[in-house]
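Just so it is clear, none of the values below were taken in a lab; they were calculated from the coordinates. It should be emphasised that the depicted structure is a prediction, and the values quoted were computed from it without experimental measurement. As a convention, Cβ positions derive from the backbone with ideal geometry for all residues, glycine included, and neighbour counts pool all protein chains shown.
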Amino acid sequence: MPLNLPQSERPGGRNALLALLVIASLVLTTVYFREGDDGVLHHARRGVQSVVSPVAAAGEWVTTPFRAIGDWASGLTVSRSEIERLRAQNAELRQRVAELEEARLENERLRDLVGFIEARELDALGARVIGRPTSGWDGVITIDRGTADGVEAGMPVLAPAGLLGQTIEATEHSARVRLITDQRSGVASMIQSTRAEGIVRGSIEGVLNMDFVSRDATVTAGDVVLTSGMGGVYPKGLLVGEVEDVQLQENDLFPRIRVRATARVSGIEEVIVLVGAPPQTDPGDAE
């Protein structure tokens, strides 16, 4: 029995329609290019364009954010090797910044020390702290300068904030420094405002006390304490600390004066040794 196909599905019909459309397209194209700007097809094209242009502009405006997000997302597709390279570069930059910051801080500390010495016209030698107290009652540090650099026992040692201690032993390339807060240390001192003299001594707790100050002397909290220069051990005028507390009982021979040291070993990395000072031993420094 013969198979009857619908008219729209017959192969011959589709080919004829396609040929007709191709011929119509060629005819319209030829007419469009042959006619002038005032031709019918040109007017039709301009009319269609005027209608479609607002729709196209609106579509461009709507799709812009989505295209921007797409561009941003495409930038996130970084390879693993690129990420590792950026991480290595970041770590290198961090290390460099840390080194520069450390150099800046060290330069500031050294400038403070140099300024302190130049202001007093002292003969000095810079040194680094290479050993700190090993226990709470040990008041001795070690520096990296010794007899090869001209350092001997009995030389004053300074920090930017003031007097730190005195060398008690020196080897060829290092020296031990007893801090003024050590219980065996004693510094001939005076109150800056009244010139009252006494001896600043350390203690096992690391607290400074100023002994043998006259009862008649006026001493108040906040007074500055300097080296008096007596005994020829420390040059006169070095900053020792500030009066923290004063107590005087009726039966006391001398007032009880507690002094806060301005130079503290914690955080100190560079010091200065007064190599021109007399190599004597401070009273109370005997081991």
Give the Kirkwood hydrodynamic radius (Å, one decimal) of the range 125-273, defined as one over the mean of 1/r across all pairs of different Cα atoms.
-> 15.5
Roughly how big is the range 125-273's charge dipole about its Cα centre, with Cβ charges of +1 (Lys, Arg) and -1 (Asp, Glu), in debye to the nearest 20?
-> 60
Final fewest-first order of 22, 246 on the 10 Å Cβ neighbour count is 22, 246
Approximate spin-label separation residue 132-residue 221, in nm, with each point projected 7 Å along Cα-to-Cβ = 2.9
